[in-house]
Amino acid sequence: MTAVLAGLLLGCRGIPARPASVPPEAAWGGEGPRGVFLKVDGHQGTLWQLQVWDRKGQPLGSGSFRLRGFAKARIIPEEVLGWEQGALHLKDGTWLVPEAPASK
């Protein structure tokens, strides 16, 4: 019964069921179709290591993302607005954009 109630509550909040391809450490952030499952693997300065999946478990991005906007000590799912044009958009207007590979 508790599991059923928890499932209903999650469904009411728009949090989809976790697909098998998304690891348990990833948390849901954002709302509606722009929401994502997000796993933050740490950071150095403004360079964050992220893994991002859509609600169906399809990978959207993985690797180094550069913070564009307000400095962050951590990225939490409640701050996520959604995934747009290949980048993670946060509610305060900050973006995490894929870091271009270093040219040789």
- May I ask you to list the residues in the range 17-32 that are under 15 Å from Leu90 (Cα atoms) and part of a loop (DSSP other than H, G, I, E, B)? Gly30, Glu31
- Message: Condition first: modelled with pLDDT of 95 or more, surrounded by fewer than 13 Cβ atoms within 10 Å (Cβ to Cβ) and either under 11 Å from the mean Cα position of the chain (by Cα) or closer than 17 Å to Gly86 by Cβ (or both). Now tell me which residues in the range 26-61 satisfy that.
- Response: Gln58, Pro59
- Applying the selection to the range 93-104, what residues are assigned to a loop (DSSP other than H, G, I, E, B) and either touching an Asp or Glu at 6+ places or on another chain (Cβ under 7 Å) or under 20 Å from Phe37 (Cβ atoms) (or both)? Thr94
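Every residue, every condition in (1) free of Cβ contacts under 8 Å to residues at least 24 places away in the same chain; (2) more than 27 Å from Ala17 (Cβ to Cβ), yes or no:
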{"residue": "Gly35", "(1), (2)": "no, no"}
{"residue": "Lys39", "(1), (2)": "yes, no"}
{"residue": "Thr46", "(1), (2)": "no, yes"}
{"residue": "Gly63", "(1), (2)": "no, no"}
{"residue": "Leu67", "(1), (2)": "no, yes"}
{"residue": "Ala73", "(1), (2)": "yes, yes"}
{"residue": "Glu84", "(1), (2)": "no, no"}
{"residue": "Leu90", "(1), (2)": "yes, no"}
- May I ask you to list the residues in the range 33-86 that are more than 16 Å from Ala100 (Cα to Cα), in a strand (DSSP E or B) and basic (Lys, Arg)? Lys39
- Item | Sole exception among (1) under 17 Å from Val36 (Cα atoms); (2) open to solvent by less than 50 Å² (accessible area, probe 1.4 Å) for Leu67, by number | (1)
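The values are calculated or read from the model by the stated rules, or taken from the named source; none is laboratory data. Keep in mind that this is a model prediction, so the values were computed, not measured. No Cβ is skipped: glycine too gets one built from the backbone with ideal geometry, and neighbour counts run over all protein chains shown. Heavy atoms of the whole protein, side chains included, go into the accessibility calculation; ligands, DNA and RNA do not. Shrake-Rupley method; radii C 1.70, N 1.55, O 1.52, S 1.80 Å.
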